[in-house]
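This report concerns only the one structure given below.
The values are calculated or read from the model by the stated rules, or taken from the named source; none is laboratory data. Note that the coordinates shown come from a computational prediction; the quantities given were computed from them, not determined experimentally. All Cβ positions, even for glycine, are placed from backbone atoms using ideal geometry, and neighbour counts span all protein chains on display. Note: accessible area is taken over every heavy atom of the protein model, side chains too, but ligands, DNA and RNA are not part of it. Shrake-Rupley method; radii C 1.70, N 1.55, O 1.52, S 1.80 Å.
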Amino acid sequence: PFKMTDQEPNKDRLLIVEDDADLRSQLKWGLSRDYQVFTAEDASSAIEIFQKHAPLATTLDLGLPPQPQGVEDGFRVLNKLLSLDPLSKVIIVTGRGEKEHALAAIEQGAYDYLTKPVDVDELQVILRRAFHVARLERENRKLQQPAGSEAFEEMLGTSPQIQNVFEMIRKLATA
């Protein structure tokens, strides 16, 4: 579904969801060398970009417009992103006085949190770990997919004899 022109090969995709334009551009500038960075300033654009580009990791400010002092939209985005891709890693970026919100977000499935002002080096460590874990989980999921009937969907043969052969292969494959 992605055109090569939309992606930088060999770079992990990262979504930064932050309503503060200065911080958003600072993070993009600081992380673009290592990641293909997408940015969003509000809930709807965050969800749209996430669906289009499927980043393995997202940094998410809980205070998003139209109520940047509240956390409702941030939690709504967190829940939506994790429902779209439960293996995605969402790192909450929050103000110092909002640690309880960050911990609540982790209880709801966020991967980690970081307090503002953001230390890009510290964020880099969290992101490297998040991308590593996301890749391992995806590889593990692929390896655990059973070799069932879908393995034979491309093969031709509908006679009872060939179906018996397919059934024996299935039994042996799961033994």
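Looking at region 1-112, the accessible area is 51 square angstrom per residue; that uses a 1.4 Å probe and ignores ligands, DNA and RNA.
Taking each residue as 0.36 nm, the span from GLN51 to VAL120 lengthens on full extension beyond its C-alpha to C-alpha distance by 22.3 nm. Remark: the GLN108-ASP42 segment gains 21.8 nm on full extension, using 0.36 nm per residue and subtracting the alpha carbon distance. Between the helical axis of 160-174 and the longest alpha-carbon principal axis of the chain there is an angle of about 50 degrees.
Give, rounded to the nearest 20 debye, the magnitude of the charge dipole that region 61-100 has about its Cα centre when Lys and Arg contribute +1 at Cβ and Asp and Glu contribute -1 at Cβ. Provide the component values of the computation, followed by the final result.
Details: 5 positive and 6 negative charges, 21 e Å.
Using Cβ point charges on Lys, Arg, Asp and Glu, region 61-100 gives about 100 debye.
Using only side-chain charges placed at the Cβ, +1 for Lys and Arg and -1 for Asp and Glu, the dipole size of the chain relative to its Cα centre rounds to 620 debye.
For the chain, which whole-number percentage of the solvent-accessible area (1.4 Å probe, protein heavy atoms only) is attributable to carbon and sulfur atoms? Kindly include the intermediate steps, with their values, before the conclusion.
On the way: 5560 of 10510 Å².
Reported share for carbon and sulfur atoms: 53 percent.
In whole percents, the pair-distance distribution calculated for the chain from its alpha-carbon pairs, binned every 5 Å from zero, is 1, 8, 16, 18, 16, 10, 6, 6, 5, 5, 4, 3, 1, 0.
For the chain, what's the relative contact order in percent, using C-alpha pairs closer than 8 Å and at least 6 residues apart?
On the way: 227 pairs, mean separation 27.8, N = 175.
After rounding, I find 16 percent.
Checked against a 28 Å cut-off, the cross-linked pairs LYS80/LYS116; LYS11/LYS89; LYS99/LYS142; LYS28/LYS52; LYS80/LYS171; LYS28/LYS142 give Cα-Cα distances beyond that limit for LYS99/LYS142; LYS80/LYS171; LYS28/LYS142.
Between GLU139 and ASN10, the FRET efficiency from the beta-carbon distance, with R0 = 22 Å, is close to 0.85.
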